[in-house]
Amino acid sequence: MRLARLVARMARRRQCDNTDVSTTEIIAALGSSFAAGPGIEPIADVTAMRSARNYAHQLAERLDAQLVDLTVSGATTANVLDTPQDTGTGTIYPPQVDGVPETAAVVTITAGGNDLQFAGAMAYVAWRRLEPESPIVALFGDAFAAGIPLPTADAVERATVGLVKIVERTRERAPHCRVLLVDYLTVLDRASLDHTPFTAEELDQFLIIQSAIGTVFRHAAARSGADLVAASELSEGHALGSADPWVQPFQQDMSRAAGSFHPNERGMTAISEELERVLRA
């Protein structure tokens, strides 16, 4: 079943609006590294650290659809919504939502983790413990001078509001689209302690941030009416330290370091399978 027919069926359900959908088969992907897929070969965009095997690419292949992949590693909700993203390489990406085509049938969104500094804090703590003289420790040390930043209620609310605004702006850009919020794969659980550079206390703190990201997505979905694809629940039992992890371990090899604590290809495949299931339901 092709994407246009899937979306036509979905128009009778909860949608961006109740008008007839476009027959143009376009998927647009917005988000941060957990959508972009750093460390997964082949690379589609080196500067964005975007993989050609991330979940959006795989979903487009499954549905024989065109893909507009706007994801950029390191993006915050502000970078998706209205703030250009300076990657520090000389490339500045415009706000991602500005690139959503008017005729997009499906838009996926995975963002908010960088608002709560999840991946950055994990990487910093790992580098500091295993290679304290690394320039990465000096580069990001100021951001974490006070330690692992536990999410406050205000921080969770700001990230939630950011996601809701992204959904609203996406619907303005593509009035006939279906918006799917895709939350973050489970990176850590209690069994991860012996498979990461973290102490038990640090692991507990990262689990708090991980849980807060799930809260952000649930609240954003409830407020916006967007569908939530709970990758966090889908990936339970596949954290670091499991028999079949869907995330990459910490990598000290600088050529692979960007993928540390991020989805691997198996994780991306699982998300694309779930997205296909949701769209075909």
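If I filter segment 190-207 down to residues being closer than 13 Å to residue 239 by Cα and small (Gly, Ala, Ser), which single residue comes out as modelled with the lowest pLDDT? Across segment 190-207, the extreme among qualifying residues is 191.
Conditions tested, residue by residue: (1) among the hydroxyl-bearing types (Ser, Thr, Tyr); (2) part of a loop (DSSP other than H, G, I, E, B); (3) touching a residue at least 12 places away in the same chain (Cβ under 8 Å); (4) within 16 Å of residue 31 (Cβ to Cβ).
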{"residue": "181", "(1), (2), (3), (4)": "no, no, yes, yes"}
{"residue": "202", "(1), (2), (3), (4)": "no, no, yes, no"}
{"residue": "205", "(1), (2), (3), (4)": "no, no, yes, no"}
{"residue": "208", "(1), (2), (3), (4)": "no, no, yes, no"}
{"residue": "215", "(1), (2), (3), (4)": "yes, no, yes, no"}
{"residue": "228", "(1), (2), (3), (4)": "no, no, yes, yes"}
{"residue": "244", "(1), (2), (3), (4)": "no, yes, yes, no"}
{"residue": "250", "(1), (2), (3), (4)": "no, yes, yes, no"}
{"residue": "270", "(1), (2), (3), (4)": "no, no, yes, no"}
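For segment 113-141, residues that are touching a Gly at 6+ places or on another chain (Cβ under 8 Å), in a helix (DSSP H, G or I) and in contact (Cβ under 8 Å) with a residue 60 or more places away in the chain total 1. The residues of segment 252-268 that are in a loop (DSSP other than H, G, I, E, B) and not aromatic (Phe, Trp, Tyr), listed by number, are 252, 253, 254, 255, 256, 260, 262, 264.
Each residue in segment 83-101 was checked for being free of Cβ contacts under 8 Å to residues at least 24 places away in the same chain, over 16 Å from the mean Cα position of the chain (by Cα) and assigned to a loop (DSSP other than H, G, I, E, B), and 5 of them qualify. Of all the numbered requirements in (1) over 20 Å from residue 55 (Cβ atoms); (2) buried (at least 21 other Cβ atoms within 10 Å of the Cβ), residue 111 misses one, and that requirement is (1). Against the list (1) closer than 24 Å to residue 233 by Cβ; (2) of a type outside the set (Ser, Thr, Tyr); (3) part of a helix (DSSP H, G or I); (4) touching a strand residue (DSSP E or B) at 6+ places or on another chain (Cβ under 8 Å), the condition residue 161 fails is (4).
May I ask you to verify whether residue 40 is in contact with an Asp or Glu (Cβ under 6 Å, 6 or more places away or on another chain) and buried (at least 22 other Cβ atoms within 10 Å of the Cβ)? Taking the combined requirement at face value, the residue satisfies it. Only one entry of 174, 155 meets the criterion of being modelled with pLDDT of 95 or more, of a type in the set (A, V, I, L, M, F, W, C) and surrounded by fewer than 19 Cβ atoms within 10 Å (Cβ to Cβ), and that entry is 155. No other residue among 183, 204 is more than 17 Å from the chain's Cα centre (by Cα) and under 21 Å from residue 149 (Cβ atoms) apart from 204. Here residue 276 clears all of (1) over 28 Å from residue 47 (Cβ atoms); (2) without any contact (Cβ under 8 Å) to a residue 60 or more places away in the chain; (3) outside any loop (DSSP other than H, G, I, E, B) except the condition numbered (2). Of the residues making up segment 28-70, those that are closer than 17 Å to residue 103 by Cβ and either among the β-branched types (Val, Ile, Thr) or outside any helix (DSSP H, G or I) (or both) number 10. Considering only segment 67-75, I want to know if a residue exists there that is touching a Gly at 6+ places or on another chain (Cβ under 6 Å) and within 16 Å of residue 37 (Cα to Cα). Yes, segment 67-75 contains a residue that is touching a Gly at 6+ places or on another chain (Cβ under 6 Å) and within 16 Å of residue 37 (Cα to Cα). Within segment 230-242, the set of residues being under 10 Å from residue 187 (Cα atoms), touching a helix residue (DSSP H, G or I) at 6+ places or on another chain (Cβ under 9 Å) and part of a loop (DSSP other than H, G, I, E, B) comprises 235, 238, 239, 240, 241.
Taking the listed residues 211, 255, the one that is modelled with pLDDT of 95 or more and surrounded by fewer than 18 Cβ atoms within 10 Å (Cβ to Cβ) is 211, with no other qualifying.
What are the residues in segment 70-108 that are surrounded by 17 or more Cβ atoms within 10 Å (Cβ to Cβ) and small (Gly, Ala, Ser), if any? Passing the criteria: 73, 74, 75, 78, 104, 105.
The values are calculated or read from the model by the stated rules, or taken from the named source; none is laboratory data. This is a predicted model, so every value here is computed, not measured. For neighbour counting, all protein chains shown are included, and Cβ atoms are generated from backbone atoms with ideal geometry for every residue, glycine included.
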